[in-house]
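Contents: one structure, followed by commentary.
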Amino acid sequence: MSNYRPRGAIAKVFFDRIHNDDVIQQIDMTTWYTMGKLPRKYGSLYHRLNGPDELTLEWLERSKKTSGRFWLQLCHEVAKLFLNMFMTQTDINGFLKRGSMFILSEAQFDEFLTVGGFFENRNTQSELSQLYLCDIGAGDGEVTSRLVRTLQQKGSWQVLTHATESSWTMRNRLNEKNFVVLDKASEMYRADLIVCFNVLDRCFDPHIMLLDIYEALDRTGFALIALVLPYSHYVEKNSSHLPLRTLLEPWPPMERLTVEEELEMFFDVLQATGFKIRAWTKAPYLCEGDLRQSFYWLTDYVVLCSK
């Protein structure tokens with residue numbers, strides 16, 4: 001039975017879905033948040049989150065139900081065959097209103113920002129009634145919205161939410177959420193918190209982007225940055241799909257690097273830009289599933305920095 005392969009395209013899809021979801025059920029999800037070994041230079045700044053928490057599990061269950069709606073997912077697959085001829089995958093996801101992401105729950109955002117000193121720093125400036133937030137490459141804004149709710153629940157300040165996004169369909173999604181959509185991060189001035197989740201390995205020049213983030217921050221501002229490791233760079237809106245410069249240099253390395261070594265290289269780049277690393281953690285970078293699987297994930301490393 002283990003060698004059985006069904007005939008017919010639809011039967012194969014159902015078979016693969018059952019097999020893939022069975023594999024997912026066997027995963028120990030606590031490993032999404034734990035490190036087997038810490039990098040030598042920055043190990044003391046690691047904060048382990050307890051997860052997956054209730055909100056994360058709720059998101060996974062919703063993704064399972066949505067991806068299990070056969071006719072909806074089949075329509076998406078047919079639409080992608082046509083849209084792929086003139087739209088990027090991100091544009092397609094925005095157009096079809098699918099492919100939402102999840103990294104941290106509201107409670108996990110709260111815990112991590114507290115450990116990194118963001119709220120303590122904010123509370124020392126009691127005269128501030130507004131908090132300027134900018135999310136770079138915000139996608140459909142679902143992750144941003146979760147962070148905004150965390151900030152609103154934590155303090156009495158008004159959160160003014162700005163975002164950048166290169167995809168025109170995703171910009172429409174952000175406008176629907178009443179975010180102020182900017183063309184680029186450098187348009188932001190004196191931001192209190194800038195978010196850059198999984199964009200540095202997808203942009204044309206990550207070093208320029210880091211400088212733009214640093215310069216757009218207020219002198220007491222913080223940056224929340226995430227990177228998927230093992231490191232792999234891909235520029236979607238570029239015919240070669242190659243960056244002008246890679247984030248980690250030299251790349252590719254002469255020898256295969258461990259995740260701990262890649263982390264050290266990443267943190268060194270942040271410090272060379274001028275950032276002070278306050279805390280970092282490990283979390284899953286989750287994406288809504290499709291006909292083939294309930295959800296997808298990569299391993300994310302989230303860093304809280306200050307000027």
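The values are calculated or read from the model by the stated rules, or taken from the named source; none is laboratory data. As the structure is a prediction and not an experimental result, all values here were calculated from the model. Neighbour counts are summed over all protein chains in view; Cβ atoms, including those assigned to glycine, are modelled from backbone coordinates with ideal geometry. Side chains are part of the model used for accessible areas, which takes the heavy atoms of the whole protein and leaves out ligands, DNA and RNA. Shrake-Rupley method; radii C 1.70, N 1.55, O 1.52, S 1.80 Å.
Could you list all residues from the stretch 172-186 that are of a type outside the set (Phe, Trp, Tyr), in contact with a helix residue (DSSP H, G or I) (Cβ under 8 Å, 6 or more places away or on another chain) and open to solvent by 20 Å² or more (accessible area, probe 1.4 Å)? Selection gives Asn172, Arg173, Lys177, Val181, Lys184, Ser186.
Taking only the stretch 187-205 into account, find how many residues are charged (D, E, K, R), over 15 Å from the mean Cα position of the chain (by Cα) and either within 29 Å of Leu83 (Cβ to Cβ) or surrounded by 16 or more Cβ atoms within 10 Å (Cβ to Cβ) (or both).
Just the residues of the stretch 187-205 that are charged (D, E, K, R), to begin with: 187, 190, 192, 201-202, 205.
Pick out the ones that are also over 15 Å from the mean Cα position of the chain (by Cα) and you get 187, 190, 192, 205.
In the following step, the residues that additionally are either within 29 Å of Leu83 (Cβ to Cβ) or surrounded by 16 or more Cβ atoms within 10 Å (Cβ to Cβ) (or both) were identified as 192, 205.
Qualifying residue count for the region: 2.
One residue alone among Val159, Val148, Val180, Val143 is within 27 Å of Leu286 (Cβ to Cβ) and either without any contact (Cβ under 8 Å) to a residue 12 or more places away in the chain or more than 20 Å from the chain's Cα centre (by Cα) (or both), and that residue is Val159.
Taken together, Leu45, Leu81, Leu113, Leu57 contain a single residue that is under 21 Å from the mean Cα position of the chain (by Cα), among the aliphatic types (A, V, I, L, M) and surrounded by fewer than 14 Cβ atoms within 10 Å (Cβ to Cβ), which is Leu57. When residues of the stretch 292-307 are filtered for being in a loop (DSSP other than H, G, I, E, B), open to solvent by 30 Å² or more (accessible area, probe 1.4 Å) and either among the hydroxyl-bearing types (Ser, Thr, Tyr) or within 20 Å of Leu193 (Cα to Cα) (or both), how many remain? Final tally of qualifying residues: 1.
Residues satisfying the criterion are present in the stretch 207-223 (criterion: touching a strand residue (DSSP E or B) at 6+ places or on another chain (Cβ under 8 Å) and among the polar types (S, T, N, Q)). Residue count for the stretch 17-32, restricted to those that are among the charged types (D, E, K, R) and either within 24 Å of the chain's Cα centre (by Cα) or modelled with pLDDT under 70 (or both): 2. Within the stretch 116-142, if we keep just the residues that are touching a Phe, Trp or Tyr at 6+ places or on another chain (Cβ under 9 Å) and within 15 Å of Ile225 (Cβ to Cβ), the residue that is surrounded by the fewest Cβ atoms within 10 Å (Cβ to Cβ) turns out to be Gly137.
Conditions (1) open to solvent by less than 30 Å² (accessible area, probe 1.4 Å); (2) touching an Asp or Glu at 6+ places or on another chain (Cβ under 9 Å); (3) among the β-branched types (Val, Ile, Thr), marked per residue:
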residue	(1), (2), (3)
Leu229	yes, yes, no
Ser240	no, no, no
Glu255	no, no, no
Glu260	no, no, no
Phe267	yes, no, no
Trp280	yes, no, no
Ala283	yes, yes, no
Asp290	yes, yes, no
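Pairing each residue of the stretch 66-85 that is under 19 Å from Ser100 (Cβ atoms) with any residue that is small (Gly, Ala, Ser), provided the two are 6+ apart or on different chains, yields C-beta distances under 7 Å for Ser67/Gly289; Ser67/Ser294; Gln73/Ser67. Between Arg245, Arg256, the distinction of being within 24 Å of Leu304 (Cα to Cα), part of a loop (DSSP other than H, G, I, E, B) and of a type in the set (Lys, Arg) belongs to Arg245 only.
Within the stretch 143-171, restricting attention to residues that are among the charged types (D, E, K, R) and in a helix (DSSP H, G or I), which residue is surrounded by the fewest Cβ atoms within 10 Å (Cβ to Cβ)? Before you say what the answer is, go through the steps one by one.
To start, the set of residues in the stretch 143-171 that are among the charged types (D, E, K, R) comprises 146, 149, 154, 165, 171.
Then drop every residue that is not in a helix (DSSP H, G or I), which leaves 146, 149, 154, 171.
Values: Arg146: 18, Arg149: 14, Lys154: 19, Arg171: 20.
Looking at the filtered set, the residue picked out is Arg149.
Of everything in the stretch 98-110 that is touching a strand residue (DSSP E or B) at 6+ places or on another chain (Cβ under 7 Å) and either open to solvent by 30 Å² or more (accessible area, probe 1.4 Å) or not small (Gly, Ala, Ser) (or both), the residue that is farthest from Asp290 (Cα to Cα) is Leu104. Filtering Phe86, Phe95 for residues that are outside any helix (DSSP H, G or I), open to solvent by 30 Å² or more (accessible area, probe 1.4 Å) and either modelled with pLDDT of 95 or more or not basic (Lys, Arg) (or both) leaves a single hit, Phe86.
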